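Chemist: Have a look at this one before I ask anything.
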Amino acid sequence: MIEVAAYAKVNLGLRVGSAAPDGYHPVWGIFQSIDLSDRLVLAAADEDSITGPHGGEIPAGLDNLAWQAVRAVRHHAGVTSALAVTLEKQIPVAAGLGGGSADAAAALIAAGRLLGVDRDELTGLAPALGSDVPFCIVGGTARVSGHGEVVTTLDALDGFSLAVVVPPIELATPAVFRRWDELDEPTGLDIPGRDLPPALREEAPLRNDLYPAAAAIAPVIDDWRADLAAAWGRPVLMSGSGPSLYGFFVDKEEATAAVAGIPPGARCAEGIDLMSVGWRVVD
Ligand code: C5P
């Protein structure tokens, strides 16, 4: 049996280019693991299963990305033995925080350890599972390009924490990219260096090009963004294809205080530290 913590990510800016013939869009951005995690337990079993911690159902069942990852490793290892996944979700789904991808990366690691598949081979299996899985296997702070498969580790960022607020809607990534095409490839709002933590100023301006598309699908996102920006007195960025929003604060205490007064109804509102890893084997 092996247990792995799977950490969420935020996009510290996300630039998007025109879709390639295969439908995927080139992206550029800094991806950052954050201290918000799911727990995945993988064990030998009599039959294949994926359940919540108390036998509860998991979205998509055996089509869940974490289970697909286990299946990919098992196929690669050339074994057929049954396996059981237990997945304890804490990362909000369909939120732009990479929860499904983090679970898949943790599942690759867990299955790799259990079935004797090494890290390089697991890295090779990651892109086919989803665009964010290659980053989640590396974790920490990284520059990401291609459609997510080009991952270059950067020095850890420090000197700030994030206040993360997930508005009460779910967004499907394909729909957001589709709307971005229909809107004629808009760009997000630039956040200038003076509004960024010192560690990120070299990357200025930061912006998320998917923001106009997400806000066109769900205009309530822009209400949340404007309200948070006014309450916090600083710009607010969206992570990934949304709807997660976040602001920069000097430490977790300030970030936690910043979410204390926000209106009720958010799916998640927390002060969250950065993480230097994307997953961790739990002893
Ligand atoms: O790779 P993943 O399964 O996470 O992507 C989901 C969908 O999001 C893709 O099918 C595609 O429509 C869109 N996408 C994209 N460009 C990317 C990543 C995702 O168009 N770089």
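Chemist: Go over the candidates 93, 85, 70 one by one and state the one that is assigned by TED's automatic domain parsing to the domain that holds residue 8 and surrounded by fewer than 24 Cβ atoms within 10 Å (Cβ to Cβ). Can you show your working first?
Modeler: Numbers: 85 fails: surrounded by fewer than 24 Cβ atoms within 10 Å (Cβ to Cβ); 70 fails: surrounded by fewer than 24 Cβ atoms within 10 Å (Cβ to Cβ).
Unique residue meeting the criteria: 93.
Chemist: Further, regarding this structure: Here is a list: 45, 72, 66, 6. Which entry is at pLDDT 95 or above and in contact with a Ser or Thr (Cβ under 8 Å, 6 or more places away or on another chain)?
Modeler: 6
Chemist: With 116, 112 as the choices, which residue is away from the ligand (no atom under 16 Å from the Cβ), over 30 Å from residue 224 (Cα atoms), open to solvent by less than 10 Å² (accessible area, probe 1.4 Å) and assigned by TED's automatic domain parsing to the domain that holds residue 92?
Modeler: From the options 116, 112, the qualifying one is 112.
Chemist: For the list (1) touching a helix residue (DSSP H, G or I) at 6+ places or on another chain (Cβ under 9 Å); (2) open to solvent by less than 40 Å² (accessible area, probe 1.4 Å), I need the number of the one condition that residue 48 fails.
Modeler: Tallying (1) touching a helix residue (DSSP H, G or I) at 6+ places or on another chain (Cβ under 9 Å); (2) open to solvent by less than 40 Å² (accessible area, probe 1.4 Å), residue 48 fails exactly one: (2).
Chemist: Sort out which residues of region 92-106 are among the hydrophobic types (A, V, I, L, M, F, W, C) and either more than 19 Å from residue 135 (Cα to Cα) or away from the ligand (no atom under 15 Å from the Cβ) (or both), and write them in order of number.
Modeler: Scanning region 92-106 gives a single hit, 106.
Chemist: Could you identify the single residue in 193, 148 that is more than 16 Å from the ligand (Cβ to nearest atom) and more than 27 Å from residue 264 (Cα to Cα)?
Modeler: 193
Chemist: Against the condition under 20 Å from the mean Cα position of the chain (by Cα) and closer than 17 Å to residue 10 by Cβ, how does residue 210 come out, does it pass?
Modeler: Values: under 20 Å from the mean Cα position of the chain (by Cα): yes; closer than 17 Å to residue 10 by Cβ: yes.
It is true that residue 210 is under 20 Å from the mean Cα position of the chain (by Cα) and closer than 17 Å to residue 10 by Cβ.
The values are calculated or read from the model by the stated rules, or taken from the named source; none is laboratory data. Only a predicted model underlies this, so the values are computations on that prediction, with no experimental measurement involved. Here Cβ is always computed from backbone atoms with ideal geometry, including for glycine, and neighbour counts include all displayed protein chains. Note: areas computed on protein heavy atoms with side chains; ligands, DNA, RNA excluded. Shrake-Rupley method; radii C 1.70, N 1.55, O 1.52, S 1.80 Å.
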